[in-house]
Amino acid sequence: MATFLHIADLHLDREFSAPEEVLNHLQNANFLVLERIVDEAIAREVDVVIFVGDTFHHARSSVHTQAVFFKELSRLHENEIPVVLTFGNHDYYEENKFWYAFDENTHVIKSEEVETIRIETRKGERIALSGFSYTSPFIEESKVGEFPVRDFDASLHIGIYHGEKGNSGGYAPFSITEMKQKNYDYWALGHIHQSEVLSLDPLIVYSGTPQGHNKKESGNTSIVFGEQREGRVFIEEIEVCVLRYQSLSVDLAEVESILEARGKIENELKKENTVFSLTLKNTSHLGEEWKRSVETGEITQYLKANYWLNQLTIKDVTHKQIPLKIKEDEFLAMLSESDIHYAMKDILPQLPNELLKEVNEEFEAEISEELRDEMTDLFLFDKEL
């Protein structure tokens, strides 16, 4: 009965998008998430911990960030829990960038060539783990064909893959059919920050990011615990985040006074450890005092002083919504982050340094969020008809 933790896209040294007063509480938040991950591994006595790329947000991370990471690797070593580490498009592998040495407990895949690591558990079971790392920000072709077929001397064979589903793209594009042909027991995926199960047999799983860093990452943030029983792998999502992002829309159409409006708004903002992007709709009937508080920024200032509010938008819908015979969640899936991300891929290499690349990525995230907001206001979806 082999067990594992699947972690991807931790982005350990990434900054949070949040108001300044909130950022003061988040200086060690990323490190606390890593600590929680290691706590889970130790408590569950897993047989292996797998990091599927973008553990760091930058190709070169600070000495302090590395110190924290290697400290947590040492905790896993002390508890005899091996680690398999690969690198993604953000933290692509380069020689001589680490200030600390990986111990023999941590198996590091450093090349774009697919490599297989073999581990024997405490109970004598054999686990094979096949994967690759990025050595530059982009891999244009699928890597699945380079993976070996299942190792039948192993009780569990796991594929480790940082990339995106599709026929083309700059991030090792792959197909589910290709992966199934390898007959692995489990595919541990990284790169997409929302958790998603692409296949049940075998399990092909994006774990998602353990911790969201901006309003785009407001969905499930988790790691995956896997357990093999009677030849099948069963999974459980584990939340380890210390902060959540939530996009919240409050309709004030039925509210009759500013007193009632304040009460309804504040009631929606009570959730702890949550940064809100708040949209207030249908407010034009609330009178001159409401209009004045909006124009002076008084209402925004009040809410930011009392709640973790990242953004306030006041939107009075004046256009007629267009009926669509499609559900809203299906439509939003069409506006996937990977589509926009790939559209920007030709621009990224032209930017002069890592800082500008990061700025561009944040801009892209804002475009993605704004596009969703505008489109969902414009259309009337099937479930509403």
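Values quoted throughout were computed directly from the atomic coordinates according to the rules given, and no laboratory measurement underlies them. These numbers were taken from a predicted model, which means no experiment stands behind them. Glycine also receives a Cβ, built like all others from the backbone with ideal geometry; neighbour counts cover every protein chain displayed.
Let's see if you can work this out: charge +1 on each Lys and Arg Cβ, -1 on each Asp and Glu Cβ, no other charges. What is the dipole magnitude of the stretch 175-243 about its Cα centre, in debye to the nearest 20?
Magnitude of the dipole: close to 200 debye.
Using 0.36 nm per residue, how much length does the chain from SER111 to TRP99 gain when fully extended, once their Cα-Cα distance is taken away? Walk me through the intermediate numbers first.
Values: separation 12, 0.36 × 12 = 4.32 nm, distance 1.94 nm.
Length gained between SER111 and TRP99: 2.4 nm.
Using DSSP, restrict attention to beta bridges with both residues in the stretch 3-238 and report what percent are antiparallel, rounded to the nearest 5.
Approximately 45 percent, going by the DSSP bridge assignments.
For THR55, list long-range residues whose amide hydrogen, built 1.01 Å from N in the peptide plane, is under 5 Å from its own amide hydrogen.
Those qualifying (amide H under 5 Å, at least 5 residues apart or on another chain) are ASP9, LEU10, HIS11, GLY88.
Can you put TYR245, TYR307, TYR161, TYR100 in order, fewest other beta carbons within 10 Å first?
Lowest count first: TYR100, TYR307, TYR245, TYR161.
Evaluate the charge dipole of the stretch 244-315 about its Cα centre and quote only its size in Debye, nearest 20, assuming +1 on the Cβ of each Lys and Arg and -1 on the Cβ of each Asp and Glu. Could the numbers behind the result be given before it?
On the way: 10 positive and 11 negative charges, 68 e Å.
Approximately 320 debye in magnitude.
Can you list residues from other chains, or at least 5 along the same chain, whose modelled amide H is less than 5 Å from the amide H of VAL275?
For VAL275, whose amide H was placed from the backbone, the distant partners under 5 Å are ARG244, TYR245, GLN246.
Could you pull out every residue, at least 5 positions away or on a different chain, whose amide H is within less than 5 Å of the one on ILE139? Hs are placed 1.01 Å off N in the peptide plane, and Pro or chain starts have none.
HN-HN under 5 Å from ILE139: TYR171, ALA172.
What are the ³J(HN,Hα) couplings of the stretch 96-112, residue after residue, when phi is run through the Karplus curve with 6.51, -1.76, 1.60 and θ = phi - 60°? Round to Hz, x for glycine and proline.
Going residue by residue, I get 6, 10, 9, 8, 10, 9, 6, 7, 5, 7, 9, 9, 9, 8, 10, 10, 7 Hz, with x marking Gly and Pro.
If the chain between GLU268 and GLU20 were fully stretched, how many nm would it gain, using 0.36 nm times the residue separation less the Cα-Cα distance?
87.1 nm
Once both labels are modelled 7 Å past Cα along the beta-carbon direction, what's the GLU289-ASN28 spacing in nm?
Computed distance between label sites GLU289 and ASN28 equals 4.5 nm.
I want the local charge near GLY263. Using Cβ-Cβ distances under 14 Å, sum +1 for each Lys or Arg and -1 for each Asp or Glu among the other residues. Display every interim value, and only then the final one.
Values: positive: ARG262, LYS264, LYS270; negative: GLU254, GLU256, GLU260, GLU266, GLU268.
Neighbour charge sum, excluding GLY263 itself: -2.
Applying a 10 Å radius around every beta-carbon, put 210-223, 37-50, 227-240 in order of their mean neighbour count, most first.
Ranked by mean Cβ neighbours within 10 Å, highest first: 210-223, 37-50, 227-240.
Quick one: if you stick a label point 7 Å off each Cα along the C-beta vector at ALA67 and GLU146, how many nm between them?
Once both label points are built, they end up 3.6 nm from each other.
Just list whichever of LYS71/LYS182; LYS165/LYS215; LYS271/LYS315 have alpha carbons separated by over 28 Å in the model shown.
Beyond 28 Å: LYS71/LYS182.
By count of other Cβ within 10 Å, fewest leading, how are LYS143, LYS281, LYS291 ordered? Present the calculation step by step, with values, prior to reporting the outcome.
Values: LYS143 20, LYS281 15, LYS291 12.
Least to most surrounded, the residues fall as LYS291, LYS281, LYS143.
Taking the Cβ of HIS77 as the center, what net charge do the other residues with Cβ under 11 Å away carry, scoring Lys and Arg +1 and Asp and Glu -1?
-3
Label point 7 Å out from ASN183 along Cα-to-Cβ: which residues of the stretch 193-209 have amide N under 14 Å?
Hits in the stretch 193-209 for ASN183 at 14 Å: 202.
For the stretch 9-23, in order, what is each residue's ³J(HN,Hα) by Karplus, 6.51 cos²θ - 1.76 cosθ + 1.60 with θ = phi - 60°, in whole Hz (x at glycine and Pro)?
Values, residue by residue: 6, 6, 6, 4, 10, 8, 7, 8, 8, 6, x, 4, 5, 7, 4 Hz.
Using the basic label-point model (7 angstrom from Cα toward the beta carbon), what is the ARG75 to ASP251 distance in nanometres?
4.6
Per residue of the stretch 241-252, in order, report the coupling 6.51 cos²θ - 1.76 cosθ + 1.60 (Karplus, θ = phi - 60°) as ³J(HN,Hα) in whole Hz, putting x for Gly and Pro.
So the Karplus estimates, Gly and Pro as x, are 5, 10, 8, 10, 10, 9, 8, 10, 10, 10, 8, 9 Hz.
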